[in-house]
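A short worksheet on the structure shown next.
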Amino acid sequence: LASRTRDGAAKVFDSGRLSKGAREIDVPLDGARTVFLVVNDQGDGNSHDWASFGDLRLVGPGGELALGARPFLRASTGWGELGRDRNAGGGPIAIDGVPFASGLGAHAPAEIAIQVPPGFERLRAIVGPDDGGTTQSGARTSLSIEVWLGKPPDRSAFDAARATLLDAARSLEERIAA
């Protein structure tokens, strides 16, 4: 099952402090069931802290899956509404002057949890402060973007204990039958 919280998840990408520019995300999913996209304010107030995830997609042997229109397990954004294929203000996504037709836009602080369907191996996107925030008069954009992966719990100890108990039950049944 996919998790709705970051409990037990691992951070696999951190953009560091951004006031402009773009960063590429290309991370292996390694069996993750949930992707958490996080936008943080950098402690100086969150005005103009619009982040966008351009061309956000999962990639696998069978192709690619755009995440802008996928249902969320959970989503929150610091102002306005989460933009599906739009920025935090409802306009087109643009990062460092480059427009993107698909993706997500959010205002810090934000967190989006998305379930990973089977068959996908990587998460890819171009991320950064959205031009809709950075080009406003008096803009003081400062944010960071993180990606966390939630994996299913390791069941090997449980499976081994279960097998031991089943073997013991079979052995007992055999002795009773004899």
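State all residues of the range 117-140 that are of a type in the set (V, I, T), open to solvent by 10 Å² or more (accessible area, probe 1.4 Å) and within 21 Å of the chain's Cα centre (by Cα); if no residue qualifies, say none. Correct list: I126 only. Does the range 99-112 contain at least one residue that is part of a strand (DSSP E or B), open to solvent by 20 Å² or more (accessible area, probe 1.4 Å), of a type outside the set (F, W, Y) and in contact with a Ser or Thr (Cβ under 6 Å, 6 or more places away or on another chain)? Taking every residue of the range 99-112 in turn, at least one turns out to be part of a strand (DSSP E or B), open to solvent by 20 Å² or more (accessible area, probe 1.4 Å), of a type outside the set (F, W, Y) and in contact with a Ser or Thr (Cβ under 6 Å, 6 or more places away or on another chain).
If you take the residues of the range 1-15 that are part of a loop (DSSP other than H, G, I, E, B) and in contact with a strand residue (DSSP E or B) (Cβ under 6 Å, 6 or more places away or on another chain), which of them is farthest from G150 (Cα to Cα)? Filtering first and then ranking leaves S15.
Name the single residue, out of those in the range 28-80 being part of a strand (DSSP E or B) and among the charged types (D, E, K, R), that is most open to solvent (accessible area, probe 1.4 Å). Outline the logic, then answer.
Residues of the range 28-80 that are part of a strand (DSSP E or B), as a first pass: 28, 34-41, 50-60, 63-66, 74-76.
So of that shortlist, the ones also among the charged types (D, E, K, R) come out as 41, 55, 57, 64, 74.
Values: D41: 51, D55: 62, R57: 44, E64: 118, R74: 82 Å².
Here the answer is E64.
For the range 141-149, check the following and say yes or no: at least one residue is surrounded by fewer than 17 Cβ atoms within 10 Å (Cβ to Cβ), more than 15 Å from I25 (Cβ to Cβ) and at pLDDT below 95. There is no residue in the range 141-149 that is surrounded by fewer than 17 Cβ atoms within 10 Å (Cβ to Cβ), more than 15 Å from I25 (Cβ to Cβ) and at pLDDT below 95. Looking only at residues in the range 152-178 that are modelled with pLDDT under 75 and part of a loop (DSSP other than H, G, I, E, B), the one that is surrounded by the most Cβ atoms within 10 Å (Cβ to Cβ) is P152.
The values are calculated or read from the model by the stated rules, or taken from the named source; none is laboratory data. As the structure is a prediction and not an experimental result, all values here were calculated from the model. All Cβ positions, even for glycine, are placed from backbone atoms using ideal geometry, and neighbour counts span all protein chains on display. Accessible surface areas use protein heavy atoms only, side chains included; no ligands, DNA or RNA. Shrake-Rupley method; radii C 1.70, N 1.55, O 1.52, S 1.80 Å.
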